[in-house]
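Below is one structure, written out as structure tokens; comments come after it.
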Amino acid sequence: MEAAVTEGRIKIRVFPDLESLSHEAVHIFVETSRQSISERKSFSVAISGGSTPRMLYTLLGSDRYRDIVNWKGINVFWADERCVTPEHRDSNYRHAFESFLSKVPVPDKNIHRIRGEKGPEQGAQEYENELRRHFDTANLPVFDLVLLGMGEDGHTASLFRNSITLNEKGRLAVPVFRNKSDHDRITLTLPVLNNALHIVLLISGTSKSKTVANILGEKNGKHRYPVGRIQPTGGTVIWLLDREAAALLRTGRACCSA
Ligand code: 6PG
């Protein structure tokens with residue numbers, strides 16, 4: 001049993017645990033892809049890395065769900081990627097490939113990997129070129145679905161607090177230069193993410209609860225964190241939280257009823 005509230009344009013749904021949250025995320029993926037493919041013969045999704053969506057990806061590649069998705073019409077992109085080879089243990093592509101892309105019949109040409117191994121600048125430019133080619137537009141691409149996570153510091157994709165990338169308006173994908181403890185990265189920009197038809201945030205665990213409460217529970221909390229700037233211009237955004245991540249939200253607003 002889950003609870004749901006709406007905070008302005010943001011829909012918040014709270015689930016007992018990561019497993020039930022992940023099954024709902026699969027349901028959203030299946031439904032949005034079915035609708036997009038039936039209406040426009042194609043479905044473009046941008047997925048994220050991190051640990052939270054791994055169960056979702058495993059479910060997409062599982063016997064239970066694999067065959068109910070029309071993979072031939074699906075184009076897979078990434079919201080961000082580390083500047084590593086696709087075989088690297090930190091590659092978002094590798095995690096997605098191992099958990100579902102290697103198990104479903106999505107055409108190779110429909111897998112739009114960010115070539116992080118080319119380095120942040122060249123990789124970002126090549127990804128931007130691929131986005132413009134695929135969406136055949138000089139304007140902002142319109143993703144049918146974007147799957148995002150949130151770090152404890154409120155970052156999403158590879159958009160970090162106090163970064164100039166948060167104010168990027170012209171480019172679709174930009175380089176992100178990190179310190180030694182992390183890899184340089186490439187990320188979609190906020191205008192691209194916010195131009196999607198459907199955005200789903202998957203947030204799980206006690207470690208996220210304070211940031212979730214700061215963002216959703218405080219009047220101006222949203223603008224203090226990159227994930228709070230995920231506010232689609234015309235589409236929908238749903239925060240899928242588990243009980244732990246929602247624990248500090250004011251009771252009666254968004255906590256499970258079971
Ligand atoms: C990435 C993601 C990143 C992630 C958050 C949350 O490539 O790592 O784009 O933004 O979603 O860091 O990660 P967890 O799901 O592991 O908490």
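The values are calculated or read from the model by the stated rules, or taken from the named source; none is laboratory data. Not measured: the values here are computed from a predicted model. Positions of Cβ are generated from backbone atoms using ideal geometry, with glycine treated the same way; all protein chains shown enter the neighbour counts. These accessible areas exclude ligands, DNA and RNA; they are computed on the full protein's heavy atoms, side chains included. Shrake-Rupley method; radii C 1.70, N 1.55, O 1.52, S 1.80 Å.
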Of Lys169/Lys219; Lys41/Lys103; Lys11/Lys210; Lys72/Lys180, pairs whose Cα-Cα distance is over 28 Å: Lys72/Lys180
Asp136, Asp242, Asp90, reordered so the largest accessible area comes first (probe 1.4 Å): Asp136, Asp90, Asp242
Heavy-atom surface of the stretch 1-122, accessible at 1.4 Å and reported per residue (Å²): 46
The stretch 124-213 shape via C-alpha gyration tensor axes, a/c threshold 1.5: oblate
Within the accessible area of the stretch 10-133 (1.4 Å probe), percent carbon and sulfur: 49
Surface accessible to a 1.4 Å probe, His27 within the full protein complex, Å²: 100
Fraction of antiparallel bridges per DSSP, the chain only, in percent to nearest 5: 35
Signed unit charges on C-beta, dipole axis of the chain, positive-most listed residue Leu241, Ser36, Val192: Val192
Gaussian network model of the chain, Cα within-10 Å springs - most flexible of Ile114, Ile68, Ile203: Ile68
Potential lengthening between Arg133 and Arg9 on full extension [0.36 nm per residue; Cα-Cα distance subtracted]: 41.5 nm
Residue-averaged 222 nm ellipticity for the chain, from DSSP H runs of 4+ at -39500 (n - 2.57), nearest 500: -8000 deg cm²/dmol
Net dipole in debye of the stretch 131-185 [+1 Lys, Arg Cβ; -1 Asp, Glu Cβ; about Cα centre; nearest 20]: 240
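When DSSP assigns beta bridges and you keep just the ones with both residues in the stretch 140-258, what percent turn out antiparallel, to the nearest 5?
35
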Charge tally in the Cβ shell below 14 Å around Ala138, where Lys, Arg are +1 and Asp, Glu are -1, Ala138 excluded: +1
Shape category assigned to the stretch 18-139 from the gyration tensor of Cα positions, a/c cut at 1.5: oblate
The stretch 4-58 versus the stretch 179-220: alpha-carbon centroid distance in Å: 15
Kyte-Doolittle at least -1.0, axis length at least 15 Å by Cα - qualifying DSSP helices, the chain: 18-40
Of Arg229, Arg133, Arg66, the one that fluctuates the most in a GNM where the chain has Cα springs shorter than 10 Å: Arg133
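What is the dipole size for the chain, taken about its Cα centre, with +1 at each Lys and Arg Cβ and -1 at each Asp and Glu Cβ, in debye to the nearest 20?
Charge dipole of the chain: 460 debye, to the nearest 20.
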Protection-proxy order for peptides 98-106, 74-82, 116-124, each taking the mean of Cβ atoms within 10 Å per residue, highest first: 74-82, 116-124, 98-106
Heavy-atom accessible area order for Asp182, Asp108, largest first, 1.4 Å probe: Asp108, Asp182
At R0 = 22 Å, FRET efficiency that the Cβ-Cβ distance of Arg40 and Asp63 yields, to 0.05: 0.20
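Please work out whether the stretch 86-237 counts as rounded, prolate or oblate from its C-alpha gyration tensor, where a ≥ b ≥ c are the square roots of the eigenvalues and a/c under 1.5 means rounded, while otherwise a/b larger than b/c means prolate and anything else oblate?
rounded
For a Förster distance of 22 Å, can you work out the FRET efficiency between the beta-carbons of Glu218 and Asn167, rounded to the nearest 0.05?
0.50
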